[in-house]
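Data block below; observations after.
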Amino acid sequence: MSLNLWGCKTPQEAINSNSAQLVKNGAYFLFLSDIHLDASRHKTDSTQDTGLDLWQNCTIKLDSILNSPDPPKFVMCTGDLPAHYKCITGCFLTGEKLAAHNKNIMTVLSDLRKLVAKNGIPLFYIPGNNDPIAGDYYSFANQNKQTLFSLVDESILAFPALNVSTKKLATHIISMPDTTMGYYSALIINGLRVIALNSNIFAKKYHSVDGISQIKAGNTEMNWLSEQLKDAQSKGEKVYIAMHIPPGKDWALLPSKKNLWLNSFLSLSDKYQSTIVGIFYGHTHMDELRLLYDSTGKKMTQVAISCPGITPIHGNNPAFKLVSFDPQSLKPINFTTYYSSVSAASWGNKTYQFTTVFHTDPKKAMYESLKTMSISEINKDMNLIYTVRHGKPNYHGKPYNTMNTMIVKWK
């Protein structure tokens, strides 16, 4: 018996699915992050990263969506492909650890390419802090100017679009100053520019091994972001900004106390509020939202939307999202989180929607709905789904104060 888009066996199951309305007009994209594959582990344990069994179940579910009669417009993957590893004397990778790290990366890249190879849907990748060859939180390129894409045949698997030929890629990419820096912009559908940031450069834990200082790299990227937003506005385009590490407490207090990258980003988010219609990130592994404010700390300017991780290591159920957007305004209006459990024999059909959890109008942009709600209301609703319905909002087994990360203000 063949399965439809949601893995349902009968038309009635499809009608009953919480996700049926989401893709009614086909205006949605697939959003995944923090896979953290440990290819040496065949069975997944909730205290460990993604094993081959969980990843296989996930790819089967993703395949059913990507090759459905109503597929997503594009796929966004916000990084962290390989498993975590313990940094005992340092995070720089050598020997067996490096070999295992590279194998995990190559396995995920190969599987992602296979998922999108059957159709013309572009899969755009955004770097995570675990993805550099040199190790965790190192620069995108290593000391030999190699990136994770150096591990594969780039003629078949070109950065950053995993199933688009080099010739066709040129029609998507607007700006990619340097492939070794990991950031770029692309026109994915008419009128929508995706700006993919390498926010690892802005991180507190960042280490440079590519010969470029963090301050120089960060300043260059922030200036480039400003130019991209200005250019998009002048052309009447709307913008999605995608990154791995979201703006907030994990960003370094650089380049100086009076001139912080975080403040620069919040300033640009305010200045180009009508141009930026969506901000997306990974890294936390949880299903959360971040509210961005202007310099007064009183006006909310943007809402950043996370994607939960496939890995269950932080106490979350494995998950990915489908994000729907209005075909005209391109503003995100809803998301469906599709989740499983570590012990499940298959991914299954467990879902919930933003509009249901937060009790919002499915025709309104998420930002418009959230700006009318109180912080306590948003916190209450977010706590219900923070660990992707795997219990109380804990992080690493400790109570998690969502207020600290949900509100992002100037420092």
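The values are calculated or read from the model by the stated rules, or taken from the named source; none is laboratory data. From a predicted model like this one, the values you see are computed outputs, not experimental measurements. We place every Cβ from the backbone using ideal geometry, glycine too, and count neighbours over all the protein chains shown. Just the protein is used for accessible areas: all its heavy atoms, side chains included, with ligands, DNA and RNA removed. Shrake-Rupley method; radii C 1.70, N 1.55, O 1.52, S 1.80 Å.
Does any residue of the range 303-325 turn out to be in contact (Cβ under 8 Å) with a residue 60 or more places away in the chain, out of contact with any Leu (no Cβ under 7 Å at 6 or more places or on another chain) and surrounded by fewer than 16 Cβ atoms within 10 Å (Cβ to Cβ)?
no
So how many residues does the range 127-148 have that are open to solvent by 40 Å² or more (accessible area, probe 1.4 Å) and of a type outside the set (Lys, Arg)? Let's see the steps before the verdict.
First, pick out the residues of the range 127-148 that are open to solvent by 40 Å² or more (accessible area, probe 1.4 Å): 143-146.
If we keep only those that are of a type outside the set (Lys, Arg) too, we end up with 143-144, 146.
Total meeting the criteria: 3.
Output the residues belonging to the range 71-86 that are part of a loop (DSSP other than H, G, I, E, B), at negative phi and surrounded by 14 or more Cβ atoms within 10 Å (Cβ to Cβ).
Let us first name the residues in the range 71-86 that are part of a loop (DSSP other than H, G, I, E, B), namely 71-74, 78-81, 83-86.
With the extra rule that they be at negative phi, the set shrinks to 71-74, 78, 81, 83-86.
Result: PRO71, PRO72, LYS73, PHE74, THR78, LEU81, ALA83, HIS84, TYR85.
Looking at LEU330, is it hydrophobic (A, V, I, L, M, F, W, C), more than 17 Å from the chain's Cα centre (by Cα), surrounded by fewer than 22 Cβ atoms within 10 Å (Cβ to Cβ) and farther than 30 Å from LYS43 by Cα? So that I can check it myself, show each step before the final result.
Details: hydrophobic (A, V, I, L, M, F, W, C): yes; more than 17 Å from the chain's Cα centre (by Cα): yes; surrounded by fewer than 22 Cβ atoms within 10 Å (Cβ to Cβ): yes; farther than 30 Å from LYS43 by Cα: yes.
When the stated conditions are applied, LEU330 passes them.
So, THR356, is that one more than 18 Å from GLN302 (Cα to Cα), touching a residue at least 40 places away in the same chain (Cβ under 8 Å) and surrounded by fewer than 23 Cβ atoms within 10 Å (Cβ to Cβ) or not? Spell out how you get there, then give the answer.
Details: more than 18 Å from GLN302 (Cα to Cα): yes; touching a residue at least 40 places away in the same chain (Cβ under 8 Å): yes; surrounded by fewer than 23 Cβ atoms within 10 Å (Cβ to Cβ): yes.
Considered against the rule, which asks whether it is more than 18 Å from GLN302 (Cα to Cα), touching a residue at least 40 places away in the same chain (Cβ under 8 Å) and surrounded by fewer than 23 Cβ atoms within 10 Å (Cβ to Cβ), THR356 comes out as yes.
Using the structure shown, decide if GLY309 is touching a strand residue (DSSP E or B) at 6+ places or on another chain (Cβ under 8 Å) and at pLDDT below 95.
In short, no.
Checking the structure you have, find out if any residue of the range 117-126 is farther than 24 Å from SER341 by Cα, in contact with a His (Cβ under 9 Å, 6 or more places away or on another chain), open to solvent by 10 Å² or more (accessible area, probe 1.4 Å) and modelled with pLDDT of 90 or more.
Looking through the range 117-126, none of the residues is farther than 24 Å from SER341 by Cα, in contact with a His (Cβ under 9 Å, 6 or more places away or on another chain), open to solvent by 10 Å² or more (accessible area, probe 1.4 Å) and modelled with pLDDT of 90 or more.
Identify all residues within the range 92-114 that are closer than 19 Å to SER64 by Cα and either open to solvent by 10 Å² or more (accessible area, probe 1.4 Å) or in a loop (DSSP other than H, G, I, E, B) (or both); write none if there are none. Let's see the steps before the verdict.
Residues of the range 92-114 that are closer than 19 Å to SER64 by Cα, as a first pass: 108-114.
Correct list: SER110, ASP111, ARG113, LYS114.
Just wondering, is there one or more residues in the range 182-201 that are open to solvent by 20 Å² or more (accessible area, probe 1.4 Å), out of contact with any strand residue (DSSP E or B) (no Cβ under 7 Å at 6 or more places or on another chain) and closer than 24 Å to PHE140 by Cα?
no
Would you mention how many residues in the range 239-264 are open to solvent by 30 Å² or more (accessible area, probe 1.4 Å) and either among the hydrophobic types (A, V, I, L, M, F, W, C) or outside any strand (DSSP E or B) (or both)?
Count: 7.
Looking at (1) within 20 Å of ASP210 (Cα to Cα); (2) in contact with a helix residue (DSSP H, G or I) (Cβ under 6 Å, 6 or more places away or on another chain), which one does ASP111 not meet, given that it meets all the others?
Of everything listed in (1) within 20 Å of ASP210 (Cα to Cα); (2) in contact with a helix residue (DSSP H, G or I) (Cβ under 6 Å, 6 or more places away or on another chain), ASP111 misses just condition (1).
Looking at LEU62, LEU81, LEU66, LEU54, which one is closer than 18 Å to ILE133 by Cβ, touching a residue at least 12 places away in the same chain (Cβ under 8 Å) and hydrophobic (A, V, I, L, M, F, W, C)?
LEU81
Would you point out which residue out of ASN259, ASN263 is without any contact (Cβ under 8 Å) to a residue 24 or more places away in the chain and not basic (Lys, Arg)? Lay out the reasoning, then the answer.
Numbers: ASN263 fails: without any contact (Cβ under 8 Å) to a residue 24 or more places away in the chain.
After applying the criteria, what remains is ASN259.
Just for the range 45-70: of the residues that are open to solvent by less than 10 Å² (accessible area, probe 1.4 Å) and β-branched (Val, Ile, Thr), which one is nearest to SER33 (Cα to Cα)?
THR50
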